[in-house]
Amino acid sequence: GESVGLHLPTLSVQEGDNSIINCAYSNSASDYFIWYKQESGKGPQFIIDIRSNMDKRQGQRVTVLLNKTVKHLSLQIAATQPGDSAVYFCAEKGSNYQLIWGAGTKLIIKP
Amino acid sequence: NAGVTQTPKFRVLKTGQSMTLLCAQDMNHEYMYWYRQDPGMGLRLIHYSVGEGTTAKGEVPDGYNVSRLKKQNFLLGLESAAPSQTSVYFCASSYGREITDTQYFGPGTRLTVL
């Protein structure tokens, strides 16, 4: 079946450094992927998305890379700040536009 | 614009009790969703609705019922709560018509079933 998974449960990064969060997916027919940020005690918040006809998309301080050959996507956060501390989820749009979620990566910022 | 709101924020139930969680959105979205999130896991879809008066089952629908009598509201009911339903419940909404339509989430309801 479809599944979306993350490589690491926790990532510690020095403030100011770049962060890279990875995600693997299993359905090669997947067409659309989203990254969400979830701060403690809050609902998930949309960060950036990418369609399967692209391999890179940039936002403000964030970049998503998609490698369809190995079914892998990553989220890069430039110049990581304390406010970036959160759990990051990748999700895939399945049938009926339902979201299929990975388990999440907790990003910890070291001062 | 309040976005997506959920009530209540916290609730403690005893096994066998019933309750209803309310989700409201003011963005005129067609699609609404109920998810549950267990510790250390991603969200799992319980039920969803593609429009007023319609509902459909998601990945984990057992033990829950939903209703969408008004476009702006989506109710999640637990008829006989069980400890396995202890979780954080999130509601979301989207325009839904295009694959790229973003789902916007509420702040969540933390439910404990004793």
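The values are calculated or read from the model by the stated rules, or taken from the named source; none is laboratory data. Everything quoted here is computed from the prediction, not taken from an experiment. Cβ sites come from the backbone with ideal geometry, for glycine too, and all protein chains shown count toward neighbours. Side chains included, ligands, DNA and RNA excluded: accessible areas come from the protein's heavy atoms. Shrake-Rupley method; radii C 1.70, N 1.55, O 1.52, S 1.80 Å.
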Within the protein assembly as shown, what whole-number % of the accessible surface is contributed by carbon and sulfur, with the 1.4 Å probe and all protein chains included in the calculation? 49
FRET efficiency (A:E39, B:L69; Cβ distance; R0 41 Å; to 0.05) is 0.80
Evaluate the relative contact order of chain B (contact order divided by residue number), counting alpha-carbon pairs under 8 angstrom at least 6 apart; express in whole percent. 35
Any chance you could list P(r) for segment B:41-114, counting all Cα-Cα pairs in 10 angstrom bins from zero, rounded to whole %? 17, 51, 27, 4, 0
Between chains B and A, what is the buried accessible area in Å², counting both sides, with a 1.4 Å probe and ligands, DNA and RNA left out, to the nearest 100? 1700
With θ taken as phi - 60° and the coefficients 6.51, -1.76 and 1.60, list the Karplus ³J(HN,Hα) couplings across segment B:77-86 in order, rounded to whole Hz; mark glycine and proline as x. x, 10, 6, 9, 5, 10, x, 5, 8, 4
Hydrodynamic radius by Kirkwood, which averages 1/r over all alpha carbon pairs of the protein assembly as shown, in angstrom: 18.0
Rounded to 5, percent antiparallel among DSSP beta bridges of the protein assembly as shown: 90
At 1.4 Å probe size, with every protein chain present, just tell me what the per residue accessible area of chain A comes to in Å². 49
Report, please, the projected area of segment A:4-110 averaged over directions, based on the convex hull of its C-alpha atoms, in nm². 6.3
Give the long-range amide H neighbours of B:G51: residues separated by 5 or more places, or on another chain, with amide H under 5 Å away, using H modelled in the peptide plane at 1.01 Å from N. B:M32
GNM, chain A, Cα, under 10 Å: largest mean-square fluctuation among A:Q98, A:Q76, A:Q45? A:Q98
